[in-house]
Amino acid sequence: MALADGQRDAMRRASGLSDSEVAALNVVGNGRGLSIGQVRAALDLTHPGTVRVVDRLVTAGLVRRGPGQDGRSVSLHLTPDGD
């Protein structure tokens, strides 16, 4: 837990991202191709809250959306800047 807290704090200071954005970036990076729902479950956020966090990461150029497993979902991937 201390290691994860240290990593989150270091990323937050270096990037200027919020705790939720740092956590989402970690989840997306460790689970390549996850859906919004999977990221939501990992972060214990609401669906709308997760979408807003992901939107901010996409706008910042750190995450990209790709096609999901069905027509209604998307998959999330880190961009080179987010990696």
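The values are calculated or read from the model by the stated rules, or taken from the named source; none is laboratory data. This structure is a prediction, so every number in the text was calculated from the model and none was measured. Neighbour counts run over all protein chains shown; Cβ positions are idealised from the backbone, glycine included. Accessible surface is based on the protein model in full, side chains and every heavy atom, while ligands, DNA and RNA are left aside. Shrake-Rupley method; radii C 1.70, N 1.55, O 1.52, S 1.80 Å.
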Next on the checklist: Within 15 Å, Cβ to Cβ, of Ala2, how many net charges do the neighbouring residues add up to if Lys/Arg are +1 and Asp/Glu are -1?
Outcome noted: -1
Next on the checklist: Run the helix sum for the chain: -39,500 (n - 2.57) per DSSP H stretch of 4+ residues, divided by residue count, reported at 222 nm to the nearest 500 deg cm²/dmol.
Outcome noted: -17500 deg cm²/dmol
Checklist outcome for this item: Heavy-atom accessible area per residue of the stretch 42-83, all protein chains kept, 1.4 Å probe, expressed in Å², is 65 Å²
Next on the checklist: So if I take the alpha carbon set of the stretch 2-79, get Rg, then get Rh from the Kirkwood formula, what is the Rg over Rh ratio?
Outcome noted: 0.96
Checklist outcome for this item: the chain: relative contact order from alpha carbon pairs under 8 Å, six or more residues apart, as a whole percent, is 28 percent
Item to check | Portion, in percent, of the accessible area of the chain that falls on carbon or sulfur, probe 1.4 Å | outcome: 52 percent
Checklist entry - For Leu45, what is the net charge nearby, where nearby means another residue's Cβ is under 14 Å from its Cβ and Lys, Arg count +1, Asp, Glu -1? => result -1
Checklist outcome for this item: The farthest towards the positive end of the charge dipole of the chain, of the residues Leu25, Leu43, Gly71, given +1 on Cβ of Lys and Arg and -1 on Cβ of Asp and Glu, is Gly71
